[in-house]
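Asks: What follows is a single structure, and I will ask about it in a moment.
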Amino acid sequence: MFARLSIAASAFTIAAMSSAWAETVTLTAYSGIFQEHYTKAVIEPFMKKYPDITVQFYGMPNSAQMLGTLRAQKSSPQIDVAILDVSVAKAGADEGIFDKIDESVSPNVGDLYPNARVEGVAGVGVTFDNLVLIYNTDQVKQAPKSWNVLWDKAYQGKLIIPSVPDIQGTTFTIISNKLAGGTDYKTDLTAGIAKIGELAPGVQTWEPKPDVYAPIANGQAALGIGWNARAQIYAQTSGGKLGVSLPEEGSGFQINTINLVKNAPAGDAAKKFIDYALSPEAQAAFTSEMFYAPTNSKTVVAKDAIERTAAGDMDKMIDIDWLAVAKIRDNITEQWRRRIIPLSR
């Protein structure tokens, strides 16, 4: 009996020591379907590869809330790694919240596409996403080839467009400016604002709930705009009721960056996770899982998955300088409030 108790006690002691030796990396990133799919494609394989490291996912709905939490913890960080929008990441870098990620943190940084490394941003791009047209396949029988379908009178009253300050609305403003013959969006968006103003009377809502995808999938509206990665997931789960189209005029990338919190408690374990997240292995897995375009140029993705991203249409992408856009975001929002929203029905 004593021998059995001794063995049990020894086993308990070993388990306790193993638990004590295990390191925990706390990651904050987007909640909802991003959390679900990122956990499956990246976090779980990482923990299998590194069984001595546990990754805890602290999900939040948007980048602004993540930055607010990181600001509150600045003197005593509890979060190690943050995935958030590039313009918000720049604000965090300016405030000294993040350490710089370079080849000393992850050798994979050297293989990233040039637009994954943004001057003044401490982190680096971990995913690319792009704006797409989304449509109800019962009401729109053929995949639209142009953004101009939104201005088709046949769909007046059947549109859902997320407005600024949502980044979807900002990206749509830049695209509309190009469609209207505008030149440098960084200095003049007048043409784009006017073009969206023409669209305004046909918009059901500028603030879709719970998101833009569900009401289009269920037929409440015919057309809208959304992010490709989420749209592709909803296209699958809706049984084909939601369609996704990248228009021939191209689109614009949104960059999610991965960032290392300064004085992060997990230290080297956090760096190890960042290195893995930027690896071709993890990038390929997440592209196949959720259809974000990879940021690592050495990533090899299955043909059917890569075709559902904009990776093959890089030449069609508008080169959006999100740090420059951040400086004019308030002006864009004011123009929408004065010259677009009042024109809605």
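The values are calculated or read from the model by the stated rules, or taken from the named source; none is laboratory data. Here the structure is a predicted model, which is why all the values come from computation and not from measurement. Every residue, glycine as well, gets a Cβ built from its backbone with ideal geometry; the counts of neighbours run over all protein chains shown.
Asks: Where the second residue is exposed (fewer than 14 other Cβ atoms within 10 Å of the Cβ) and among the β-branched types (Val, Ile, Thr) and the first is farther than 19 Å from SER288 by Cα and lies in segment 36-54, which pairs have Cβ atoms under 6 Å and are six or more apart or on separate chains?
Replies: THR54/THR24
Asks: Continuing with this model, one more query. How about segment 148-166: which of its residues are surrounded by fewer than 23 Cβ atoms within 10 Å (Cβ to Cβ) and part of a helix (DSSP H, G or I)?
Replies: Matches in segment 148-166: ASN148, VAL149, TRP151, LYS153, ALA154, TYR155.
Asks: May I pose another question? Could you please let me know if THR54 is surrounded by 15 or more Cβ atoms within 10 Å (Cβ to Cβ), over 23 Å from the mean Cα position of the chain (by Cα) and in the same structural domain as ALA91 (by TED's automatic domain parsing)?
Replies: On the way: surrounded by 15 or more Cβ atoms within 10 Å (Cβ to Cβ): yes; over 23 Å from the mean Cα position of the chain (by Cα): yes; in the same structural domain as ALA91 (by TED's automatic domain parsing): yes.
Against the criterion (surrounded by 15 or more Cβ atoms within 10 Å (Cβ to Cβ), over 23 Å from the mean Cα position of the chain (by Cα) and in the same structural domain as ALA91 (by TED's automatic domain parsing)), THR54 qualifies.
Asks: Of the conditions (1) at pLDDT 95 or above; (2) part of a helix (DSSP H, G or I), LYS145 fails just one. Which one is it?
Replies: (2)
Asks: Which of the residues belonging to segment 310-345 are in contact with a helix residue (DSSP H, G or I) (Cβ under 7 Å, 6 or more places away or on another chain), among the polar types (S, T, N, Q) and closer than 21 Å to THR183 by Cβ?
Replies: Of everything in segment 310-345, just one residue is in contact with a helix residue (DSSP H, G or I) (Cβ under 7 Å, 6 or more places away or on another chain), among the polar types (S, T, N, Q) and closer than 21 Å to THR183 by Cβ, namely GLN335.
Asks: OK, next. Having 2 or more residues that are at negative phi and in contact with a strand residue (DSSP E or B) (Cβ under 6 Å, 6 or more places away or on another chain) is the bar; report the helices (runs of 4 or more DSSP H) wholly within segment 38-110 that clear it. Steps first, answer last, please.
Replies: Details: elements: 44-49, 63-72, 86-94.
Per the criteria, 63-72, 86-94.
Asks: Please indicate, with yes or no, whether at least one residue in segment 174-196 is part of a strand (DSSP E or B) and either among the hydroxyl-bearing types (Ser, Thr, Tyr) or at pLDDT below 95 (or both). Show your work before the answer.
Replies: Going through segment 174-196, the residues part of a strand (DSSP E or B) turn out to be none.
There is no residue in segment 174-196 that is part of a strand (DSSP E or B) and either among the hydroxyl-bearing types (Ser, Thr, Tyr) or at pLDDT below 95 (or both).
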